[in-house]
Amino acid sequence: MIVLLGVLVVILGFATRRNPLLVVGVAGIVTGLLGKLSPQEVLATFGNSFASARSVTVFVITLPVIGLLERYGLQEQARTLIGRLGKLTTGRFLALYLLIRQLTASVGLTSIGGPAQSVRPLIAPMAEAAAEARAGRPLPQKLREKVRSHASGADTIGVFFGEDCFIAIGSILLITGFVNSTYDQHLEPLHLALWAIPSAICAFLIHGARLLNLDRQLERELAVAAAENDLTTHAGIRTEDAK
């Protein structure tokens, strides 16, 4: 069980906000060395794993396509579309996207969204436009970044808790294969998928409530930003009058 100390490395690395790629790499090396693998075997394992999972880098192909779409006005069209739906607030829009992301991931469609494919070019601009339409003015940069982070979070949480409801996802097959081969059990993928459904429902209710609360947070922070802006403006006018 000492090899599980590699998980501790991951926890400490993320808790101290280190580079995720570096954290995972170091955790893999630590796990291999604790498992009594030689440095050559650890390096060979990294190479074999990368060669057998090259499909995970396919998303890089979509980046030039997304760049071209953004260059020709994809974000502007998304903002225009969401601006016409006056009653659709930022929180409601992101909660709806969370639901859609969970439902599609639960049937194996995990690649139709993502930070690069959908959040940056579509979801985040639409969420920002909904907030600006409600506020009646452009968002400050701090609030703009906050909306973007919530958009990315909705995508990540949706796919994370939704994909385990699909019996043919890699994580389910990995767990069942490891448990059956190591502990001589007969665990079926369907069993894990069914137990993942309550977790997915709880995740949607909890994070959906947080997203709906985002609207009130934005209203309060916009009011504070407007008050600070007014104070700065008045102070500038008084300074000029004094001169």
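The residues of segment 182-215 that are under 14 Å from G153 (Cα atoms) and not hydrophobic (A, V, I, L, M, F, W, C), listed by number, are H207, G208, R210. Within segment 47-65, the set of residues being closer than 30 Å to V119 by Cα and either at pLDDT 75 or above or not in a helix (DSSP H, G or I) (or both) comprises A53, V58. Listed here are the helices (runs of 4 or more DSSP H) enclosed by segment 105-188 that have at least 2 residues being surrounded by 22 or more Cβ atoms within 10 Å (Cβ to Cβ): 124-135, 141-162.
Among the residues of segment 172-198, those identified as among the polar types (S, T, N, Q) and touching a helix residue (DSSP H, G or I) at 6+ places or on another chain (Cβ under 6 Å) are T176, Q185. Taking the conditions (1) of a type in the set (A, V, I, L, M); (2) surrounded by 15 or more Cβ atoms within 10 Å (Cβ to Cβ); (3) closer than 15 Å to I100 by Cα in turn, I201 satisfies each one other than (2).
Residues that are of a type in the set (D, E) and free of Cβ contacts under 8 Å to residues at least 12 places away in the same chain within segment 156-196 comprise just one, D184. Scanning segment 28-46 for residues that are part of a helix (DSSP H, G or I), open to solvent by less than 80 Å² (accessible area, probe 1.4 Å) and either β-branched (V, I, T) or under 16 Å from L5 (Cβ atoms) (or both) returns G28, I29, V30, T31, G32, L34, V42, T45.
On the basis of being part of a helix (DSSP H, G or I), exposed (fewer than 12 other Cβ atoms within 10 Å of the Cβ) and at pLDDT 65 or above, does G25 make the cut? In short, no. Cβ-Cβ contacts under 7 Å between residues 6 or more apart (or on different chains), taken from a first residue in segment 213-227 that is closer than 15 Å to G136 by Cβ to a second residue that is open to solvent by 30 Å² or more (accessible area, probe 1.4 Å) and not aliphatic (A, V, I, L, M), are listed as A225/P140. Among all positions in segment 209-225, there is at least one residue which is modelled with pLDDT under 80, under 21 Å from A135 (Cβ atoms) and surrounded by 14 or more Cβ atoms within 10 Å (Cβ to Cβ).
The values are calculated or read from the model by the stated rules, or taken from the named source; none is laboratory data. What you see is a predicted model, and the numbers here were worked out from it, not measured in a lab. Using ideal geometry, Cβ is built from the backbone for each residue, glycine included, and neighbour counts are taken over all protein chains shown. Heavy atoms of the whole protein, side chains included, go into the accessibility calculation; ligands, DNA and RNA do not. Shrake-Rupley method; radii C 1.70, N 1.55, O 1.52, S 1.80 Å.
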